[in-house]
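Colleague: Once you've had a glance at the structure underneath, I'll fire off some questions.
A short reminder: the numbers here are calculations on the coordinates, not readings from a lab. Keep in mind that what you see is a predicted model, and the values were worked out from it rather than measured. Cβ placement follows ideal geometry from the backbone for every residue including glycine, while neighbour counts extend to all protein chains displayed.
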Amino acid sequence: DGGITQSPKYLFRKEGQNVTLSCEQNLNHDAMYWYRQDPGQGLRLIYYSQIVNDFQKGDIAEGYSVSREKKESFPLTVTSAQKNPTAFYLCASSIDGEGKHFGAGTRLSVL
Amino acid sequence: EDQVTQSPEALRLQEGESSSLNCSYTVSGLRGLFWYRQDPGKGPEFLFTLYSAGEEKEKERLKATLTKKESFLHITAPKPEDSATYLCASLIQGAQKLVFGQGTRLTINP
């Protein structure tokens with residue numbers, strides 16, 4: 001079955017540490033997205049990529065970085081510059097912005 | 001500024017008690033209005049896309065409608081398994097990103 005796989009499901013970050021969240025899709029979608037979800041708030045866009053080797057900042061990109069070396073993969077790094085990283089992170093993919101498919105999410109907490 | 005607002009924040013119903021969730025949007029140009037269902041600790045599950053005012057879509061006990069300023073998600077005779085957070089989002093003309101509302105947390109009591 002086609003879909004989006006996020007790993008790990010749970011992740012803990014120590015102060016000053018960078019951590020990387022994985023997102024892999026086998027839907028053959030060109031566009032991929034990273035969202036952050038905080039309790040009681042809507043999803044906020046961190047970064048998105050419409051094609052391999054190209055990506056754009058979303059609304060809350062500070063403290064995050066991404067790469068898009070392969071069509072199937074769009075990893076997100078939460079850097080030490082992100083002072084409030086505790087959240088639920090969601091990866092999504094789509095064709096032409098329509099009917100976005102989401103992964104199961106990664107819950108990041110700070111130790 | 002493009003904005004999507006959902007109401008109410010939370011809704012508790014008895015099994016079989018029909019109701020509606022509201023999604024108001026103020027965007028520069030709507031390309032599509034999306035509804036999702038999200039269960040606790042999981043990613044959103046796509047339900048519907050609406051493209052133009054007057055359009056309606058149905059799936060089991062859910063029906064989504066769209067006007068020029070808002071969308072409604074009508075739930076008819078709900079069951080406990082319909083309990084979830086329902087998210088709406090707008091896709092803006094010329095953009096590749098969705099603008100999400102904060103969600104409505106729906107609880108159906110047996």
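Colleague: Quick one: net charge around B:Y86, please, counting Lys, Arg +1 and Asp, Glu -1 for every other residue with C-beta under 13 Å from its C-beta. Intermediate values should be presented prior to the final figure.
Modeller: Working: positive: B:R37, B:K59, B:R61, B:K63, B:R105; negative: B:E9, B:D39, B:E45, B:D82.
Result for the neighbourhood of B:Y86: +1.
Colleague: Determine the sum of side-chain charges near B:P110: Lys and Arg each +1, Asp and Glu each -1, restricted to other residues whose C-beta is under 11 angstrom from that of B:P110.
Modeller: Around B:P110, the charge tally is -1.
Colleague: I would also like to ask the following. Select from the range A:49-110 those GluC sites (Glu not before Pro) which occupy a DSSP coil region and have at most 11 other Cβ atoms within 10 Å, ordered by residue number.
Modeller: Hits after loop and neighbour filter: A:E62, A:E69.
Colleague: Oh, and also: How high is the FRET efficiency from B:K68 to A:Q50, r the C-beta distance, R0 25 Å, rounded to 0.05?
Modeller: For B:K68 and A:Q50, the calculated efficiency is 0.30.
Colleague: Can you give the net charge of the other residues whose Cβ lies under 13 Å from the Cβ of A:V110, counting K and R as +1 and D and E as -1?
Modeller: Combined, the nearby Lys, Arg, Asp and Glu give +3.
Colleague: Can you list which of the trypsin sites (Lys or Arg not before Pro) found in the range B:39-106 are DSSP loop residues with at most 14 other C-beta atoms within 10 Å?
Modeller: Loop-located and lightly packed - B:R61, B:K68, B:K69.
Colleague: Right, next: Using the structure shown, select from A:K57/B:K63; B:K42/B:K79; A:K100/B:K68; B:K59/B:K79 the pairs with a Cα to Cα distance greater than 26 angstrom. Write down the numbers at each step before the final one.
Modeller: On the way: A:K57/B:K63 34 Å; B:K42/B:K79 20 Å; A:K100/B:K68 23 Å; B:K59/B:K79 14 Å.
Distance filter (> 26 Å) returns A:K57/B:K63.
Colleague: Tell me, how many Å apart are the Cα centres for the range B:28-105 and for the range A:59-111?
Modeller: If you average the Cα positions of each part, the centres end up 22 Å apart.
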